[in-house]
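Visitor: Please find one structure pasted underneath; my questions will follow.
The values are calculated or read from the model by the stated rules, or taken from the named source; none is laboratory data. Nothing here was measured: the structure is a model prediction, and the numbers come from that model. Quick reminder, even Gly has a Cβ in these numbers, built from the backbone with ideal geometry, and neighbours come from all protein chains shown. Quick note on the areas: whole protein, heavy atoms, side chains included, nothing else; ligands and nucleic acids left out. Shrake-Rupley method; radii C 1.70, N 1.55, O 1.52, S 1.80 Å.
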Amino acid sequence: MDFYLFTYLLKNKKMADFQLKDKYNTSFFEEFTTHFQSIYPEFPKAKFFESLFDEEWEMRELKQRMRHITICLGKVLPKDYRMALEIMKRVGADLGEKFEYMFFPDFVEVYGLDDYEASVEALQLFTMLCSSEFAVRPFIMKYTKTMMDLMLEWAKSENHHIRRLASEGCRPRLPWGMSLQEFKKNPAAILPILEILKDDESEYVRRSVANNLNDISKDHSDLVLNIGESWFGANINRNKLVKHALRTLLKKGNTRAMLLFGFDNPNEVYFTHLEISLLKIKIGNSATFSFKLKHTKGETIKLRIEYAVYYMKSNGTQSRKIFQLTENTFETDKIYAFKRKQHFKNLTTRKHYVGSHRLALVVNGVEKVEIKFELI
């Protein structure tokens, strides 16, 4: 698995059937330590393995395993940080892109926070090996102005991995990463970087810009709407970026976001015949729901059709999750039929609880009708 796929899985959190932590297996470490010894013959492979596979190894999750690998490397490499870092850089130079190598930048985060000069150079190098998006964040917090000036330069790099790091690394709410509280309050320092990268030739970079703006929108919706409205319409790639950046606001039914993409007021849109195949659904099973839709607007209109599931939480309250069904144009007075299966299998990212649930139909951000069901 390359890092692009890892990033997709990580950001979308679809890991129910694929345990990424299991990529850290004996075969991986045999190959890695053999390569390590070819570059640094003094590497104590046996001591490293003894420290690595301790009693808690099997219980550790992905990021816990990454950090544990880092600590184990720190135990067997020279205590002098710069000496150890030079060895890590030499070892990493001959490795291909692979998410498993994220303990390289993590090594910098753990042992190099007080050595700015050597560490940021290594983070730039290691982001081309995997990604330094997590490791760079403590440096942003400690050296905010200096780091953001550097990341502004990274945004102009010839390497798309480094350009992406300039955006991804300073996201206020990076999933699995520590929050940047200062930027949640005031994202002004981020905006010049996003401005530089908004038309980047790499979709990988542009998507990071969109994700950063989406993070910002959760605390400063008007700011991101202003940016979206000023960027929208320039070209296809820019439009795609803006739509991804405003996805949270679209799910919330924000009027300005809806109007920007041509979604009109749904006051003349009607749902009928909403039915669910089972009113009592066993956790682990699925149910099918169906409904019909028509509008009486008098003209063809653009609609964003979604549904919301109100999941029961462990504390007895409900949590709303939006799922998109379609986004299309619909003719007036024509009846459209929909059918969809919804699964209630426990996932790594969602545990189901027994009790009352709701399913609501949403058009252009407005909930219209709902049906209740129970998980047992």
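Visitor: Sort through Phe48, Phe107 and tell me the only one that's more than 25 Å from the chain's Cα centre (by Cα), surrounded by 19 or more Cβ atoms within 10 Å (Cβ to Cβ), within 19 Å of Phe29 (Cβ to Cβ) and not hydroxyl-bearing (Ser, Thr, Tyr).
Guide: Numbers: Phe107 fails: more than 25 Å from the chain's Cα centre (by Cα).
When all the criteria are applied, what remains is Phe48.
Visitor: Is there a residue in segment 326-348 that is aromatic (Phe, Trp, Tyr), outside any strand (DSSP E or B) and either over 18 Å from Phe261 (Cα atoms) or at pLDDT below 95 (or both)? It would help to see each step written out before you state the result.
Guide: Taking segment 326-348 as the starting set, the residues that turn out to be aromatic (Phe, Trp, Tyr) are 330, 336, 338, 344.
Then drop every residue that is not outside any strand (DSSP E or B), which leaves 344.
From what's left, either over 18 Å from Phe261 (Cα atoms) or at pLDDT below 95 (or both): 344.
Among the residues of segment 326-348, at least one is aromatic (Phe, Trp, Tyr), outside any strand (DSSP E or B) and either over 18 Å from Phe261 (Cα atoms) or at pLDDT below 95 (or both), which makes the answer yes.
Visitor: To continue, here is another question. Could you list, in sequence order, all residues of segment 306-351 that are within 22 Å of the chain's Cα centre (by Cα), farther than 17 Å from Leu274 by Cβ and open to solvent by less than 30 Å² (accessible area, probe 1.4 Å)?
Guide: Tyr311
Visitor: Which numbered condition in (1) more than 20 Å from Tyr111 (Cβ to Cβ); (2) in contact (Cβ under 8 Å) with a residue 40 or more places away in the chain; (3) in a helix (DSSP H, G or I); (4) not small (Gly, Ala, Ser) is the only one that Asp94 fails?
Guide: Of (1) more than 20 Å from Tyr111 (Cβ to Cβ); (2) in contact (Cβ under 8 Å) with a residue 40 or more places away in the chain; (3) in a helix (DSSP H, G or I); (4) not small (Gly, Ala, Ser), only one is false for Asp94: (3).
Visitor: Does Gly298 qualify as being assigned to a loop (DSSP other than H, G, I, E, B), over 14 Å from Val363 (Cα atoms) and open to solvent by less than 50 Å² (accessible area, probe 1.4 Å)? So that I can check it myself, show each step before the final result.
Guide: Working: assigned to a loop (DSSP other than H, G, I, E, B): yes; over 14 Å from Val363 (Cα atoms): yes; open to solvent by less than 50 Å² (accessible area, probe 1.4 Å): no.
No.
Visitor: Okay, next question. Condition first: farther than 30 Å from Leu194 by Cβ and either in contact (Cβ under 8 Å) with a residue 12 or more places away in the chain or crowded, with 21+ Cβ neighbours inside 10 Å (or both). Can you find one or more residues in segment 113-135 that meet it?
Guide: Checking segment 113-135: not a single residue is farther than 30 Å from Leu194 by Cβ and either in contact (Cβ under 8 Å) with a residue 12 or more places away in the chain or crowded, with 21+ Cβ neighbours inside 10 Å (or both).
Visitor: Can you run down the residue pairs with Cβ atoms below 6 Å, 6 or more apart or on separate chains, where the first is in segment 311-337 and closer than 23 Å to Leu250 by Cα and the partner is in a strand (DSSP E or B) and small (Gly, Ala, Ser)?
Guide: As it stands, the answer is Tyr311/Ser319; Arg320/Ala308; Ile322/Ala308, since those pairs meet every condition given.
Residues are listed down the side, and each one gets a yes or a no for (1) at pLDDT below 95; (2) loosely packed, with under 13 Cβ neighbours inside 10 Å; (3) assigned to a loop (DSSP other than H, G, I, E, B); (4) at positive phi:
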{"site": "His244", "(1), (2), (3), (4)": "no, no, no, no"}
{"site": "Leu259", "(1), (2), (3), (4)": "yes, no, no, no"}
{"site": "Pro266", "(1), (2), (3), (4)": "yes, no, yes, no"}
{"site": "Tyr270", "(1), (2), (3), (4)": "yes, no, no, no"}
{"site": "Gly284", "(1), (2), (3), (4)": "yes, yes, yes, yes"}
{"site": "Lys292", "(1), (2), (3), (4)": "no, no, no, no"}
{"site": "Arg304", "(1), (2), (3), (4)": "yes, no, no, no"}
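Visitor: Could you tell me whether Val354 is within 16 Å of Ile281 (Cβ to Cβ) and in contact with an Asp or Glu (Cβ under 9 Å, 6 or more places away or on another chain)? Don't jump to the end; show me each part of the working.
Guide: Values: within 16 Å of Ile281 (Cβ to Cβ): yes; in contact with an Asp or Glu (Cβ under 9 Å, 6 or more places away or on another chain): yes.
So Val354 fits the description; yes.
Visitor: May I pose another question? Yes or no: Leu278 in contact with a Leu (Cβ under 7 Å, 6 or more places away or on another chain), open to solvent by 20 Å² or more (accessible area, probe 1.4 Å) and either modelled with pLDDT of 90 or more or in a strand (DSSP E or B) (or both)?
Guide: Values: in contact with a Leu (Cβ under 7 Å, 6 or more places away or on another chain): no; open to solvent by 20 Å² or more (accessible area, probe 1.4 Å): yes; either modelled with pLDDT of 90 or more or in a strand (DSSP E or B) (or both): yes.
Against the criterion (in contact with a Leu (Cβ under 7 Å, 6 or more places away or on another chain), open to solvent by 20 Å² or more (accessible area, probe 1.4 Å) and either modelled with pLDDT of 90 or more or in a strand (DSSP E or B) (or both)), Leu278 does not qualify.
Visitor: Also, I was wondering about something else. How many of the residues in segment 220-236 are open to solvent by less than 30 Å² (accessible area, probe 1.4 Å) and polar (S, T, N, Q)? Walk me through it before giving the result.
Guide: If we filter segment 220-236 for residues that are open to solvent by less than 30 Å² (accessible area, probe 1.4 Å), which is where we start, we get 224-225, 227-228, 231.
Filter once more, so that each one left must be polar (S, T, N, Q): none.
Residues that pass the stated criteria total 0.
Visitor: Filter segment 64-85 down to residues that are surrounded by 14 or more Cβ atoms within 10 Å (Cβ to Cβ) and within 31 Å of the chain's Cα centre (by Cα), then give me how many there are.
Guide: Qualifying residue count, segment 64-85: 11.
Visitor: What is the number of the single condition among (1) assigned to a helix (DSSP H, G or I); (2) open to solvent by 50 Å² or more (accessible area, probe 1.4 Å) that Glu55 does not meet?
Guide: In the conditions (1) assigned to a helix (DSSP H, G or I); (2) open to solvent by 50 Å² or more (accessible area, probe 1.4 Å), Glu55 misses (1) alone.
Visitor: Continuing with the same structure: What single numbered condition from (1) more than 22 Å from the chain's Cα centre (by Cα); (2) within 30 Å of Asp199 (Cα to Cα); (3) charged (D, E, K, R) fails to hold for Lys240?
Guide: Tallying (1) more than 22 Å from the chain's Cα centre (by Cα); (2) within 30 Å of Asp199 (Cα to Cα); (3) charged (D, E, K, R), Lys240 fails exactly one: (1).
Visitor: Would you call Glu268 closer than 20 Å to Leu250 by Cα and over 33 Å from the mean Cα position of the chain (by Cα)?
Guide: yes
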